[in-house]
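None of the figures in this text is laboratory data; all of them are computed from the coordinates on show. Quantities reported herein were computed from a predicted structural model and do not represent experimental measurements. Because the Cβ atoms are built from the backbone with ideal geometry, glycine has one as well, and the counts that use them run over all protein chains shown.
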Amino acid sequence: MFKNLVISIMGSWIITNMNFWIYDDAEDKILIFLTLTFVLFIAVFAIEDAIKSYKRKRYIKQWRVDRFKDVVKQNTTQASRVQECDELIRMLEDTRRRRG
């Protein structure tokens with residue numbers, strides 16, 4: 001946050017000291033400086049917040065994908081176990097039929 005304030009103040013200082021600004025008196029220069037500092041501070045803060053939310057969204061998507069992979073892997077393992085059990089049951093049924 002402090003970084004944003006420093007960047008805003010430096011940007012405002014650079015902009016207000018450029019030659020294309022014409023001031024009636026010193027109060028105009030201070031008012032423009034403060035206004036530009038505020039505007040740049042809000043802009044930097046908004047951009048930084050947008051970047052953080054984008055990164056958070058990507059992290060959550062990746063987390064969901066990883067979790068889905070784990071669930072699929074677990075269910076696949078269970079499905080193969082079910083298939084093995086079905087084969088054992090069939091084998092036992094075949095053995096009973098042969099005996100009886």
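For the reader, a short list of remarks on this structure follows.
- Dipole magnitude for the chain: computed about the Cα centre from +1 point charges on Lys and Arg Cβ and -1 point charges on Asp and Glu Cβ, it is near 1300 debye.
- Label point of Asp66 set 7 angstrom out along Cα-Cβ; within region 42-56, amide nitrogens under 15 Å from it belong to 56.
- Only lysines eight or more places from Lys29 in sequence, or on another chain, were considered; those with a Cα closer than 30 Å are Lys3.
- Between Arg58 and Arg90, the contour length at 0.36 nm per residue exceeds the alpha carbon distance by 6.8 nm.
- Helix 2-16 axis, angle to the chain major axis (alpha carbon atoms, nearest 10°): 40 degrees
- Positive-end extreme of charge dipole, the chain - chosen from Ile47, Cys85, Leu31 (charges on Cβ): Cys85
- Stretchable slack from Ala50 to Phe38, in nm (0.36 nm times residue separation minus alpha-carbon distance): 2.5 nm
- Burial ordering of Val44, Val72, fewest other beta-carbon atoms within 10 Å first: Val72, Val44
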